[in-house]
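The structure appears below as structure tokens.
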Amino acid sequence: MKLIIITRPTFFVEEDKILSILFDEGLDNLHLKKPDTLPLYSERLLSLLPEHSARHTTVHDHYYLKNEYGLAGIHLDDEHAPIPEGYRGKVSRTCTSTAAIKDARKSAEYVFLQTDYSLLRRSDRYGEELVNTLRTARKQGIIDKKVYACGGISLEIIPTLKSIGFGGIVVGEDLWNKFDIHGEQDFKPILEHFKKLNKAIK
């Protein structure tokens, strides 16, 4: 099972330092997603990261950055969005339903299946319905090693997602909530949580 870390939607002062530490600790796949922001801020962030991080970074916006910085690829957040004209390279894509995955996979290295996976922490019918839907999709061959769970992912539900058969998970808030961007300087909690996530997917 693979671990993808997706950035906070906004920039913050210590971001390059934290990401550099995570790359040094083995971060293999970072998704840079900063909607509605100027490209120069993404350029600045990328220029501050370790050189080896480029081949492990995928962009959701400002696709020219892929070639400019030698990045791993681009990500399309719309399951119906066309690949940019003339683009040559790796593509990943977000789908919001299992029905969309089959077509999306034809032109994608891997696919995010976006839903609220925090429901898996519940023992009521909502949690049970989601588990049953996902297990059915697995039996139908829809969910496999090229499909990553995205949305509401936390450390506690990784075993369930692993048992269902996802190829990876996309973690955002569960990691970034370990650091207060408004007044904290200690990166240890976020680093320790990253290590726990890495251990859980093994």
Quiz item: What is the P(r) of the stretch 65-115, as percent of Cα-Cα pairs per 10 Å bin from 0?
Solution: 27, 53, 19, 2
Quiz item: Along the principal axes of its C-alpha atoms, what lengths does the stretch 1-64 span, in descending order and rounded to whole Å?
Solution: 30, 23, 19
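How high is the FRET efficiency between R44 and K178 when r is their beta carbon distance and R₀ equals 25 Å, given to the nearest 0.05? Could you put the intermediate results ahead of the total?
Details: r = 24 Å, r/R0 = 0.96.
Plugging the Cβ-Cβ distance into 1/(1 + (r/R0)^6) gives 0.55.
What net charge do the residues around S53 carry, taking every other residue with its C-beta under 11 Å from that of S53, with Lys and Arg at +1 and Asp and Glu at -1? Before the final figure, lay out the partial values.
On the way: positive: R55; negative: D16, D24, D28, E51.
In short, -3.
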Quiz item: Rounded, prolate or oblate: which fits the stretch 28-98 when a ≥ b ≥ c are the square roots of the eigenvalues of the alpha-carbon gyration tensor, with rounded for a/c under 1.5 and prolate only if a/b beats b/c?
Solution: prolate
Exercise. Classify the chain as rounded, prolate or oblate, taking a ≥ b ≥ c as the square roots of the eigenvalues of its Cα gyration tensor: rounded when a/c is under 1.5, otherwise prolate if a/b is larger than b/c and oblate if not.
Key: oblate
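Rule-based calculations on the coordinates, nothing more; no lab input. Computed from a predicted model, the values in this text were never measured in an experiment. We place every Cβ from the backbone using ideal geometry, glycine too, and count neighbours over all the protein chains shown.
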